[in-house]
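Here is the structure we will look at.
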Amino acid sequence: MSLRILAAPLLLAICLTNLAAAQESDGDQTAAAETPAAAEQPPAEDAKPAAEEKPAEEKPAEEKPAVEKPAEEKPAAEEKPAADKPAAEEKPAAEDEKTVASPEEVKKLQAVFDQRVKEWRKATQEFWAEVNEFHTAGGDVKFSEQIRWAERESATRDAMQAAFLAASDLVFADHENRDARTFMAQSILYHAQNDWYEGLKDAALAMLEVGIKDVQLNVIAGVAAAATGDFEVAKENLKLTPAEGDEGLLKVARRMNFMLDPLQEAWEKEQKIRQAEAEADDLPRVLLKTTRGDVLVELFENEAPNTVASFISLVEDGFYSNVPFYQVVEHEFAQTGDRDGDGSGTADYRVRDEATGERGIFRGSLVLAKIPNPNAAHNPDVPGTIPDTGSSQFLITLLPFNPDYKELCCFGRVISGMGAISTLNRAKVEKEKDAPVVLPDSIIEAEVVRKRDHEYKPETLPY
């Protein structure tokens, strides 16, 4: 039985309107509901960055940066690109995992799964109560209400992820468990399409392990593995990428497969740097409170001191309060830092290019945006971006960029909260005719939570 057939009865329920009904359905319907935060917006397949944004005009067609691992995270000294590692994280599908668990073990895992689904449904109901209160409140929306909304949504997403991981554990132990398999089938597709990679590799491997023959599962497992730094699993599964299927996932799989070797080499180098950073434990950190929940980032002051000084000074000046993620391109990046939200905004100054190519760009990397070079499309010998045009705008990457592209400054990374980034509304700057309007999510507030004992005053260039 294929993944799509198994999930088919539930896929239509991945939307905001059906979620409320799913909250009250019986146990067989638990797989059909989705976290309210994420299923509302259509994907932005061909969104193009506006001026000041995505440096991706640089890359050739199939080698461009892709998105990678989103959400339940893990702090600084870790192995995964952008942070975030949920509870029962990546376990390889080894031969010994095929052994059948005892009835007592299965019973315990079933109880955990049932409890996690119950908690997720309760969190969903509480979120909807918050939604109703939010939309019926009179007057202007207050900052405290925005924060409360973000906290509820974050709690709902975390509860869903816990249920997802519990389902994965149960399927590994009890291959024929219909409830867990159904929940997994629906959740795997949702996670993959929304660039939410935490726990996704194991879930896809679990479904393959129980005998579901669907090459799309191999594609998902391979992309998730590449996003989270498991390149052997990525190579094994991405070599099976078919010629036809979900075009969005296939494009990502081909792009990842194209750059696996250089990406693995860059990742090994990155791990050594992160280990040294974890031992020193003194890099600056900034907390971004967003409309999808909190995102904690760590800044690479060692390699990009002036870029970090600019970012911290803007945060401390309140520049990033109520600034939208005005462009979110699926499988690539989320872009913010423009107060006007049209791609043209800056901090009224520029900074010189710094540390370009010194840190690899992985899932959850913070990358300073630059103005695309209009001549790059016609002349491969000119750079893809205009030098020294970085300012306030930056990208948070959903998947890694091609390590061979070295024009951009990676000045930090997400160490927790990639689930929030993965579920941002897929907003576009350039909208297709008659396309529905997608309101962007925003940074509600940014706060410096740790910095070194010196002044952060950037050297700037005039605009």
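The values are calculated or read from the model by the stated rules, or taken from the named source; none is laboratory data. Quick caveat: nothing in here was measured; it's all calculated off a predicted structure. Every residue, glycine as well, gets a Cβ built from its backbone with ideal geometry; the counts of neighbours run over all protein chains shown. SASA here: full protein model, heavy atoms, side chains in, ligands and nucleic acids out. Shrake-Rupley method; radii C 1.70, N 1.55, O 1.52, S 1.80 Å.
Go through the residues of the range 282-289 one by one and say whether even a single one is closer than 20 Å to G417 by Cβ, part of a loop (DSSP other than H, G, I, E, B) and open to solvent by 10 Å² or more (accessible area, probe 1.4 Å). No, the range 282-289 contains no residue that is closer than 20 Å to G417 by Cβ, part of a loop (DSSP other than H, G, I, E, B) and open to solvent by 10 Å² or more (accessible area, probe 1.4 Å). Checking the range 259-275 against the condition returns a match, with at least one residue being closer than 30 Å to G318 by Cα and either outside any loop (DSSP other than H, G, I, E, B) or open to solvent by 10 Å² or more (accessible area, probe 1.4 Å) (or both). Residue count for the range 374-396 satisfying the condition of being within 27 Å of the chain's Cα centre (by Cα), part of a loop (DSSP other than H, G, I, E, B) and over 25 Å from P462 (Cα atoms): 0.
Could you tell me which of the residues S391, S422 is buried (at least 22 other Cβ atoms within 10 Å of the Cβ) and more than 27 Å from W149 (Cβ to Cβ)? Spell out the reasoning first.
Numbers: S422 fails: more than 27 Å from W149 (Cβ to Cβ).
Answer to the check: S391.
Residues of the range 290-314 being part of a strand (DSSP E or B), touching a Leu at 6+ places or on another chain (Cβ under 7 Å) and open to solvent by less than 20 Å² (accessible area, probe 1.4 Å), which ones?
V295, V297, E298, L299
Scanning for something within 25 Å of A304 (Cβ to Cβ), open to solvent by 70 Å² or more (accessible area, probe 1.4 Å) and assigned to a strand (DSSP E or B), does the range 434-444 turn up at least one residue? No, the range 434-444 contains no residue that is within 25 Å of A304 (Cβ to Cβ), open to solvent by 70 Å² or more (accessible area, probe 1.4 Å) and assigned to a strand (DSSP E or B). With the condition kept exactly as written, say whether any residue in the range 175-187 is modelled with pLDDT of 90 or more, part of a loop (DSSP other than H, G, I, E, B), open to solvent by 10 Å² or more (accessible area, probe 1.4 Å) and within 25 Å of L109 (Cα to Cα). Within the range 175-187 (the criterion being modelled with pLDDT of 90 or more, part of a loop (DSSP other than H, G, I, E, B), open to solvent by 10 Å² or more (accessible area, probe 1.4 Å) and within 25 Å of L109 (Cα to Cα)), the answer is yes, since at least one residue qualifies. The set of residues in the range 325-351 being in contact with an Asp or Glu (Cβ under 7 Å, 6 or more places away or on another chain), open to solvent by 10 Å² or more (accessible area, probe 1.4 Å) and within 30 Å of D246 (Cα to Cα) consists of E330, H331.
With the structure loaded, tell me whether R254 is of a type in the set (D, E, K, R) and modelled with pLDDT under 95 or whether it fails that test. Talk me through it step by step, then tell me what you get.
On the way: of a type in the set (D, E, K, R): yes; modelled with pLDDT under 95: yes.
Against the criterion (of a type in the set (D, E, K, R) and modelled with pLDDT under 95), R254 qualifies.
Can you work out which of the residues in the range 191-243 that are of a type in the set (D, E) and more than 20 Å from R178 (Cβ to Cβ) is surrounded by the most Cβ atoms within 10 Å (Cβ to Cβ)? Here the residue is D195. Within the range 142-174, being in a helix (DSSP H, G or I), farther than 20 Å from N425 by Cβ and acidic (D, E) holds for one residue alone: D169.
Whether a residue is touching a helix residue (DSSP H, G or I) at 6+ places or on another chain (Cβ under 6 Å) and either open to solvent by 10 Å² or more (accessible area, probe 1.4 Å) or at pLDDT below 95 (or both) was assessed, and T356 does not pass this test.
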